[in-house]
Protein chains: 2
Amino acid sequence: MSAVDRRKQILRAAAQSFTLFGYKATTMDQVAKIANVGKGTIYTFFSNKEELFDEILNTAILEMKRLAESKVDREKTFFENLFSVLDALLEFRGEHELFIKLSQEVRDVGTLKARDGLARLERVILEYLEKEIAYALDHEEIGTCDPQVAAFVMFKLYIALTSDYKHVREPLGKEEIHHYIRLFLADGLANPECRPYQHT
Amino acid sequence: MSAVDRRKQILRAAAQSFTLFGYKATTMDQVAKIANVGKGTIYTFFSNKEELFDEILNTAILEMKRLAESKVDREKTFFENLFSVLDALLEFRGEHELFIKLSQEVRDVGTLKARDGLARLERVILEYLEKEIAYALDHEEIGTCDPQVAAFVMFKLYIALTSDYKHVREPLGKEEIHHYIRLFLADGLANPECRPYQHT
DNA sequence: AATTGACCGAAATGGAAAATCAGTCATAAC
DNA sequence: GTTATGACTGATTTTCCATTTCGGTCAATT
């Protein structure tokens, strides 16, 4: 088997183990066993566990980013693009599961490396949103706002609706999530009937 | 000294200790010492530590609720009331500090009782918001939405702006928080061109 | 009758012994 | 000669268990 194949095999095994058991609970012996190589072989391709993890994480983040970018169509509106990206990402099982496992690990054990990984993902998402928001601002598709704050709020709203809410009530479906993102973010709660009212 | 005074003295001492050291780190000996009573005396008024804590927590929650209710003026709009309640609560040091300490404790040590206490507070806040949102809906002040979801989103948005955001960037000031709650919740991000009024 | 603090057992803490794991390297396989 | 391997090593983690701490009681005291 070629060196390239071996490397891929190790990456596949490691990715599987990280999404199944998290960062802390995957051992290098474990990865070697799944990949059907001796443990030493891993170290001919990756200098340590951290680097192996980082490569998997970076690949996952990059794939999500590319997927998102592939869904954006400059002919469409900001919110149309937002929703098609959201849909695509929600369907995207593979990478998703790694990040869900890492979230669990942070909650339950507080593994530092898992926390870092999620922070990196968050930064990439925020940067991506900021960029899209800035573009939408330029093209006067959305109202005046600081893209950094807007990106942050959008991200938090998304997490609140998809993940936090289910700890309080029945989880929301995809359509409901779309509906509420549109309601809160795009349209606003204030009743158009009552407009214009006094701002401070 | 009367039994009533003694009881109050114990409550005051316990409240002080809970907000200073959290639930786990306040001992009954500690409370007795601060209150200047024998430890046994505490147990003539409260059957155990849990009950003592609950009484303090319930009082704090009730006070916050009453404060909020006192700020609501049915002549004013939903959002006007929302902002005056928010301002009042942000100024409300006393109870605030207990809840901040409990939040820390949940983060750092994960004390179950502290988590429960904060969950109770959250429930009361959500119920209160749901009630106000339902009222606003009835009076056609806000657009159609599920009060439970809307309350949840408003709460999360508030936490995101006041507490979460400062872990990513410079914390937002009171006016900025108002501004963004108005922008995201009330008015919506979608292009002002399509709206009959100007954004800030 | 009310108050107290020494006392009790359960639970938390700390630290030492045992186990586990990331990473190395001498040997084996080719 | 080159690459792959797994037994080995020291650092870290986990697992005990001895000791301490703390919530709660109650016999003695006021």
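Values for this structure:
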item	result
Elements of type helices (runs of 4 or more DSSP H) contained in region B:1-118, each with 1 or more residues being open to solvent by 50 Å² or more (accessible area, probe 1.4 Å) and within 14 Å of chain A (Cβ to nearest Cβ)	B:78-91, B:93-108
The listed residue being in the same structural domain as B:Y180 (by TED's automatic domain parsing) and open to solvent by 50 Å² or more (accessible area, probe 1.4 Å), out of B:I125, B:I133	B:I125
Tabulated pairs, region B:63-88, first within 15 Å of B:E127 (Cβ to Cβ), second not in a helix (DSSP H, G or I), C-beta under 7 angstrom, 6+ apart or interchain	B:M64/B:F92; B:V85/B:V72
Check on A:L82, within 30 Å of A:F184 (Cβ to Cβ) and under 16 Å from the mean Cα position of the chain (by Cα)	yes
Number of positions in region B:154-169 that are facing chain A (nearest Cβ under 7 Å) and in contact (Cβ under 8 Å) with a residue 24 or more places away in the chain	1
A:A25 within 14 Å of DNA strand C (Cβ to nearest atom) and outside the structural domain of A:H96 (by TED's automatic domain parsing)	yes
Long-range neighbours under 7 Å by Cβ, at least six apart or interchain, first residue under 16 Å from A:K101 (Cα atoms) within region A:19-44, second of a type in the set (D, E, K, R) and more than 9 Å from DNA strand C (Cβ to nearest atom)	A:T19/A:E97; A:T19/A:K101; A:G22/A:K101; A:G22/A:E105; A:Y23/A:E105; A:Y23/A:K113; A:K24/A:E105
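The values are calculated or read from the model by the stated rules, or taken from the named source; none is laboratory data. Given the structure is predicted, the values throughout are model-derived calculations rather than measurements. All Cβ positions, glycine included, derive from the backbone under ideal geometry; neighbour counts span all protein chains shown. These accessible areas exclude ligands, DNA and RNA; they are computed on the full protein's heavy atoms, side chains included. Shrake-Rupley method; radii C 1.70, N 1.55, O 1.52, S 1.80 Å.
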